[in-house]
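Worksheet: one structure, shown below.
The values are calculated or read from the model by the stated rules, or taken from the named source; none is laboratory data. Just so it is clear, the model here is predicted, and its values are computed rather than measured. Glycine also receives a Cβ, built like all others from the backbone with ideal geometry; neighbour counts cover every protein chain displayed. The accessibility values were calculated without ligands, DNA or RNA, using every heavy atom of the protein model including side chains. Shrake-Rupley method; radii C 1.70, N 1.55, O 1.52, S 1.80 Å.
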Amino acid sequence: MIYSINPYTGNKICSFTELTDAEIAQQINKADAVYNEWKNTSFKERSQLMLHAAKILLANKKEYASTISEEMGKPIKQAIAEVEKCAWVCDYYAENAKEFLLEKQIPTDAKKSYVSFEPLGVILAVMPWNYPFWQVFRFAAPALMAGNAGVLKHASSVMQSANNIQQIFEDAGFPKGLFQNLVIGSSKVDSVIKNPKIRAVTLTGSKPAGSAVASTAAKEIKKSVLELGGNNAFIVLKDANIDQAVEIGVNARYQNTGQSCIAAKRLLLHEAIAEEFTEKYIVKVKQLKSGDPLNEKTYIGVLARESLAEDLEKQVEDSLKMGAHVLLGGKRKQAYYPPTILTDVTNEMPVFIEETFGPVIAIKTFKTIEEAIEISNTSEFGLGVSLFTENIDEALKLVPRFQEGAVFINELVKSDPRLPFGGIKQSGYGRELGSFGIKEFVNIKTVYVK
């Protein structure tokens, strides 16, 4: 059995019976059969259905958000915002997919030569619990608009949300079977990837999970896209607007209770402004309200499982033994871990070299921008970095020196349907979103006429 357990109350919400191997094969066969008809539909037809899905999301956003909050502890206002963002990505691809996938004429010595973009087939999505709707929709919207079918292996703890997503597509008028939630645990992912009717796989999750999925996909010679962890630096130069950087920096670390791969986890401060920034930062963090995720005033909820809070607690305690100091927080209570700020942090400490998936930030100072870039690049991850300064021209010159998938100047790192999203190094490979993301799961076909 697969269970959904409310991390705030500890109560079991509901249970699900895991699919048998025969049932899994049946669902994949259904997806493949539907795909063979869906791939011939027009962009106009796909667009109308995707726009309808967006309307359903907005009409029922409070209901979907409540389920998200109950299943993984996200504060309700943030859960509603997540659902709204899913509607945005549906609208975006409904309006732009056709243009993104237009045939591209290439002048050669041929009478005619061009490149077409055709769907691959059934794509497997292995998705995490921290953004139960957004992680799925940012894959599903472009994949379906490109003419593919999708099957979802969602995190076991958010299976109600997974079923809701399937229902949304069906209620919007998409053919039944085109997008299906597979009620399975992680142990069955390997065999699903090996199914010959699965043509590619995308995963958002941990480095070990990504490595396992990519390994199986590679053995089967199947395309994979990986969006893994991050250890983003949030760099504040001495000429930055301090108040603005503090305001954004608090959201960058603590939204979603810090459970985000693109959250700011390492706070790098120029020594000239470090004291002022830290004092103002502490004041802002103290104002964050913790409590029941279903309370609209709550900004900090609980972690999705108590074991996650225990892992975070160990990273902090091990770092304290190595010389770090707590400026705020640091005391766990079951699945709740308070907003925590650590200082006197070194490059060797767990809170600095490892990804901290929760409301903990590690502060380190620097003397020069060269030192800040070096510190930022020491991470094995390369998802994104934020740089705060009033000198935009100089900041733009620094962009190529950061080993990251994204550089945000005077803003937190975030995903946007209009821009490609993804990382390098241990943060994965491939891109989601924008015109680049929709082309990850298409056959880029060369056509040559003599």
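Axis angle, to the nearest 10 degrees, between helix 207-219 and the longest C-alpha principal axis of the chain: 30 degrees.
All other residues whose Cβ lies under 10 angstrom from that of Gln160 are scored, Lys and Arg at +1 and Asp and Glu at -1, for a net of -2. Quick one: with all protein chains in place, what share of the accessible area of region 42-110 is carbon or sulfur, to the nearest percent (1.4 Å probe)? It is 52 percent, rounded to a whole number.
Its residue count N fixes a reference of 2.2 N^0.38 Å for region 1-107, and the Cα radius of gyration divided by that reference is 1.45.
Using only alpha-carbon positions in region 301-348, the gyration tensor eigenvalues give semi-axes of 20, 11, 7 Å once each is multiplied by 5 and square-rooted (largest first). What percentages make up the Cα-Cα pair-distance distribution of the chain when the bins are 10 Å wide from 0? The distribution over the chain is 4, 20, 30, 25, 14, 5, 1, 0, given as percents.
Residue-normalised convex hull volume from the C-alpha trace of region 281-366: 90 Å³ per residue. Within the P(r) computed for region 232-271, what percentage of the Cα pairs occupies the region above 12 Å? Every Cα pair in region 232-271 considered, those over 12 Å come to 56 percent. Among beta bridges identified by DSSP and lying wholly in the chain, the antiparallel ones come to about 35 percent.
Each label was represented as a point 7 Å from its Cα along the Cα-to-Cβ direction; for Thr446 and His325 these points are 6.3 nm apart. Does region 340-411 come out rounded, prolate or oblate by the C-alpha gyration tensor, with a ≥ b ≥ c the root eigenvalues, rounded set by a/c under 1.5 and, if not, prolate when a/b is larger than b/c and oblate if not? Prolate is the answer for region 340-411, as a/c is 1.5 or above and a/b outweighs b/c. Helix-only arithmetic for the chain: the sum of -39500 (n - 2.57) across DSSP H runs with n ≥ 4, divided by the residue total, places the mean residue ellipticity at 222 nm at -12500 deg cm²/dmol.
Each Lys or Arg adds one and each Asp or Glu subtracts one; over the other residues with Cβ under 10 Å from the Cβ of Val246, this totals -2. For region 360-450, the mean projected area of the C-alpha convex hull, equal to one quarter of the hull surface, is 9.0 nm². A Gaussian network model of the chain, with springs between Cα atoms under 10 Å, assigns the largest mean-square fluctuation among Pro132, Pro175, Pro338 to Pro175. Hydrodynamic radius of region 156-235 by the Kirkwood approach over all distinct alpha-carbon pairs: 14.5 Å. The residues packed around Leu398, meaning those with a beta-carbon under 13 Å from its beta-carbon, carry a net charge of -4 if Lys and Arg are +1 and Asp and Glu are -1. Counting only Cα atoms, I'd like the Rg/Rh figure for region 84-135, Kirkwood definition for Rh. With Rg and the Kirkwood Rh in hand, the quotient comes to 1.17. A 1.4 Å probe run over region 54-147, with the rest of the protein chains in place, finds 36 Å² accessible per residue.
Farthest towards the positive end of the charge dipole of region 53-129, among the residues Leu58, Pro119, Gly73, is the Cα of Leu58, using unit charges on the Cβ of Lys, Arg, Asp and Glu. The radius of gyration of the Cα set in region 20-83, together with its Dmax, comes out at 16.7, 41 angstrom. Altogether, the Stokes-Einstein calculation at 25 °C and 0.890 mPa s, with the Kirkwood radius of region 64-197 over Cα pairs as Rh, returns a diffusion coefficient of 150 µm²/s.
Computed over the chain with a Gaussian network model linking Cα atoms closer than 10 Å, the most mobile of Lys85, Lys364, Lys284 is Lys284.
Phi angles across region 42-53 convert, under the Karplus curve 6.51 cos²θ - 1.76 cosθ + 1.60 with θ = phi - 60°, into 3J(HN,Hα) values of 7, 4, 4, 5, 4, 4, 4, 5, 5, 5, 5, 4 Hz, Gly and Pro given as x. Extents of region 192-286, largest first, come to 58, 23, 18 Å (Cα atoms, principal axes, whole angstrom). Ligands, DNA and RNA left out, the accessible area of region 249-348 computed with a 1.4 Å probe is 47% carbon and sulfur. Segment Lys44..Glu371, full-extension length gain: 112.5 nm, with 0.36 nm per residue of separation and the alpha-carbon distance subtracted. Under a Gaussian network description of the chain, with springs only between Cα atoms under 10 Å, the residue in Leu203, Leu102, Leu58 that fluctuates furthest is Leu102. The value for region 220-357 of Rg(Cα) / (2.2 N^0.38 Å) is 1.11.
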